[in-house]
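Here's the structure, in structure tokens; my notes come after.
Nothing in this text is a laboratory measurement; each read-out follows from the coordinates by a stated rule. All figures in this text were calculated on a predicted structure; none of them were measured in a lab. Positions of Cβ are generated from backbone atoms using ideal geometry, with glycine treated the same way; all protein chains shown enter the neighbour counts.
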Amino acid sequence: MPTDLLGREYETFPAPQPRQEHGPARVIAMCNQKGGVGKTTSSINIAGALSQYGRRVLIVDFDPQGAATVGLGINANAVENTIYTALFDPSIDPHDIIQHTDFDNLDVMPANIDLSAAEVQLVTEVGREQILASVLRKVRNEYDLIIIDCQPSLGLLTVNALTAADGVMIPVAAEFFALRGVALLMQSIEKVQSRINPNLEVDGVLVTMYTRTLHSEEVLQRIYEAFGDKVFHTVISRSIKLPDATVAAAPITIYAPNHKTAQEYREVAREMVIRGVVA
């Protein structure tokens, strides 16, 4: 039986069979208020791996930087409507906003800098925490998984994402400073659970940017002490191939399918199926 970097034994994760019918989707918020920990990279590559396993996946780009949109080859400045439009114009059909990528089973709801104004506008909206949930409700029957790629903050956009989500995935870089903000994130998750979305749960903690150094090993151990078995067995290594895939606007599982990092993201996707995070 294989063991992970923490010495935990686990069953291998077999490749899942493609689904013949799709939906309703489980909604996951990819969330950490610290920037640069791999939220967008993990969203794109987990979605890419699952799409190759026959799951229909929608990425909701919920970051004004629009990195997930660009990372899937969509020019957000050239599209007529974005997620920002859907939030504030109820007459817009979310299906008209969704962009199909060049990859089978993988779609994106794009974002651009317009979304930066949403934080202020949401303050005066009725039911402001639940607007994204009402948008996604109209499309979730057509997908197996919806990933909300959150911005690095704990503002109203992130609260909207947590309210719309069934679960949270927390990418944490294997660096000491990345650990410091996770406690604040957990407080926000607990507030949303107690006040708005009692069914919200932490689906898993994904360690990213791992290097075989004493520092990374110590951080990995601390993450495990904090989250226990919520920590995925699979760890994502730091890799120079990931920026190459980003420039190519493709998931690494498609851009360089035999690369070690592509294999790691496929392992994460399979582990998500085994854990029941996605059917």
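Calculate the dipole size of the chain relative to its Cα centre from +1 charges on Lys and Arg beta carbons and -1 charges on Asp and Glu beta carbons; express the result in debye to the nearest 20.
Working: 23 positive and 33 negative charges, 94 e Å.
Roughly 460 debye, rounded to the nearest 20.
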So which GluC sites (Glu not before Pro) in the stretch 1-94 are both in a DSSP loop and have at most 16 other Cβ atoms within 10 Å of their Cβ?
11, 21, 80
Where the only charges are on Cβ atoms (+1 Lys, Arg; -1 Asp, Glu), what is the dipole of the stretch 1-98 about its Cα centre, to the nearest 20 debye?
280
With just the Cα atoms of the chain, tell me how far they stretch along each of the three principal axes, in Å, largest first.
54, 37, 32
Dividing the helical contributions, -39500 (n - 2.57) per DSSP H run of n ≥ 4, by the residues of the chain yields a 222 nm value, nearest 500 deg cm²/dmol, of -10500 deg cm²/dmol
If the only charges are +1 at each Lys and Arg Cβ and -1 at each Asp and Glu Cβ, what is the size of the charge dipole of the stretch 155-210 around the Cα centre, to the nearest 20 debye?
200
Share of Cα-Cα pairs in the stretch 137-279 beyond 27 Å, whole percent, is 25
Lys/Arg +1, Asp/Glu -1 at C-beta; the stretch 120-279 dipole; positive extreme among 132, 223, 189
132
Inter-part distance where the stretch 163-196 and the stretch 84-122 are each reduced to a Cα centre, Å:
24
What aspartates and glutamates does residue 191 reach when the alpha-carbon gap must be under 18 Å and sequence neighbours fewer than 8 apart in one chain are set aside?
129, 166, 201, 203
Relative to the longest principal axis of the C-alpha atoms of the chain, give the angle of the C-alpha long axis of helix 214-227, reported between 0 and 90° and rounded to the nearest 10°.
60
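Using a 10 angstrom Cβ neighbour count of at most 13 plus a DSSP loop assignment to flag exposed trypsin sites (Lys or Arg not before Pro), which longest range of the chain is free of such sites?
Values: sites that count: 8, 138, 212.
Result for the longest clean stretch: 9-137.
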